[in-house]
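**Student:** Handing you a structure now.
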Amino acid sequence: MLRYGIPEFRLPNELIDDVVGKIKLLGGKFVENFVVGKTATLQDLRDAGFWRIFVGTGAGLPRFMNVPGEHLLNVMSANEFLTRVNLMQGLRPDYETPLPEIAGKDVIVIGGGNTAMDAARTARRLGGNVTIVYRRTQSEMPARVEELHHALEEGIALQVLRAPSEFLGDAQTNFVTAATLDVMELGEPDESGRRRPVVTGQQETIHADLVIMALGNASNPIIKDSEPRLQTSKWGTINLDRRALRRRRWPASTPAGTQPVAARRPSTRPATARRRPARSSGRSTWSRVRSGPWSPARGSTPTSARPPRPSSPSPS
Ligand SMILES: Cc1cc2nc3c(=O)[nH]c(=O)nc-3n(C[C@H](O)[C@H](O)[C@H](O)COP(=O)(O)OP(=O)(O)OC[C@H]3O[C@@H](n4cnc5c(N)ncnc54)[C@H](O)[C@@H]3O)c2cc1C
């Protein structure tokens, strides 16, 4: 996420490479092209000798609105747009990644969070005439104030109290051409404490060549779907059984990272958020791990520091 989600002008890849390099120097091992739940299940990993597994798979599943016309060409999630630009280098002529034509085109970004700001500022740098459409007012926007400030400073327009009810497209080409927006007003506060946006009955239509949906992400279901014993909430986050965590029984040995448990923490905070699951990993042993593509990093724990492996995980 740090590499494809957050654009280089905010988080240079060099910094990410530096942190990854330091983790490697400390003995950390990165296994690439490995999807837990597909390449191997959690049980496979346990069978391979990992008996503390930390699930930190993030919240990478983009949300959509389920309004008519969302299927049209050039309506895409911010994840897809940012991945094409940042990770797949879609803006470079020597790469084959398709990227919609953006220079001089009308781009609307739906949403008011940091992802919306990043998508809007990226599209602006690619030469688009960008408008952010948000259903509440500016003061309720979840984006950091400085991000919004920079976006406005860069010439990005903001349309507040508007929510798309439909996207319109060209009947021949199936490309999006416009968005119909409901004009909203603020009603009573909802469970988040912010005043709920309510439709007024008025509508307006704006032209659009590209629509970027930045409505937040949900947890990726791959691990949950491959491991029925994991208890998850309706948001797909993992329910921790704190008593089982102390007893060290399945699924206690699968502490969850920041996003699968609560998908709202920013990446400036996970260092503290992760401390508890990391500690709960407690004693572990590497001695009986069979060698394989996902074997733990050998030599990362001095032999003298390795405790003997109990015949079965013992209660603490
Ligand atoms: C556009 C954008 C801008 C943001 N800007 C900021 C910001 O300015 N400041 C800030 O603090 N936060 C920001 N965030 C949020 C921040 O990126 C996340 O909070 C943070 O990345 C969460 O870290 P994580 O390790 O929990 O999950 P992630 O960073 O999502 O990492 C999870 C990793 O797990 C991998 N994975 C998923 N499923 C599997 C599987 N089954 N097997 C193997 N691997 C798997 C994923 O590929 C991913 O690499 C932004 C997010 C976005 C999308």
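**Student:** Taking Asn33 as meeting all but one of (1) surrounded by 14 or more Cβ atoms within 10 Å (Cβ to Cβ); (2) of a type outside the set (Val, Ile, Thr); (3) in a loop (DSSP other than H, G, I, E, B); (4) within 10 Å of the ligand (Cβ to nearest atom), write down the number of the exception.
**Tutor:** It is condition (1) that Asn33 fails.
**Student:** Here are some conditions: (1) touching a Leu at 6+ places or on another chain (Cβ under 7 Å); (2) surrounded by fewer than 11 Cβ atoms within 10 Å (Cβ to Cβ). Tyr4 meets all but one. Which one does it not meet?
**Tutor:** That leaves (2) as the condition not met.
**Student:** Criterion first (near the ligand (Cβ under 10 Å from one of its atoms), in a loop (DSSP other than H, G, I, E, B) and touching a residue at least 24 places away in the same chain (Cβ under 8 Å)) does Gly58 satisfy it?
**Tutor:** On the way: near the ligand (Cβ under 10 Å from one of its atoms): yes; in a loop (DSSP other than H, G, I, E, B): yes; touching a residue at least 24 places away in the same chain (Cβ under 8 Å): yes.
It is true that Gly58 is near the ligand (Cβ under 10 Å from one of its atoms), in a loop (DSSP other than H, G, I, E, B) and touching a residue at least 24 places away in the same chain (Cβ under 8 Å).
**Student:** Considering only residues that are surrounded by 14 or more Cβ atoms within 10 Å (Cβ to Cβ) and hydroxyl-bearing (Ser, Thr, Tyr), look in region 131-189 and name the one that is modelled with the lowest pLDDT.
**Tutor:** Among those residues, the one meeting the criterion is Thr137.
**Student:** Let me ask another. Any residue that is within 9 Å of the ligand (Cβ to nearest atom) and either closer than 22 Å to Arg144 by Cα or of a type in the set (Gly, Ala, Ser) (or both) - is there at least one of those in region 10-29?
**Tutor:** Restricting attention to region 10-29, the residues satisfying the condition of being within 9 Å of the ligand (Cβ to nearest atom) are 10-11.
This time we only want the ones that are either closer than 22 Å to Arg144 by Cα or of a type in the set (Gly, Ala, Ser) (or both), so: 10-11.
Yes: region 10-29 contains one or more residues that are within 9 Å of the ligand (Cβ to nearest atom) and either closer than 22 Å to Arg144 by Cα or of a type in the set (Gly, Ala, Ser) (or both).
**Student:** Out of everything in region 132-183 that is polar (S, T, N, Q) and assigned to a strand (DSSP E or B), what residue ends up being farthest from Lys105 (Cα to Cα)?
**Tutor:** Ser165
**Student:** Also, quick follow-up: Would you please name the residue that is farthest from Pro164 (Cα to Cα), looking only at residues in region 63-116 that are within 16 Å of the ligand (Cβ to nearest atom) and among the small types (Gly, Ala, Ser)?
**Tutor:** Gly90
**Student:** Select from region 85-108 the residues that are within 15 Å of the chain's Cα centre (by Cα) and without any contact (Cβ under 8 Å) to a residue 24 or more places away in the chain and list them in ascending order.
**Tutor:** The answer is none; no residue qualifies.
The values are calculated or read from the model by the stated rules, or taken from the named source; none is laboratory data. These numbers were taken from a predicted model, which means no experiment stands behind them. Backbone-built Cβ (ideal geometry, glycine too); neighbour counts: all protein chains shown.
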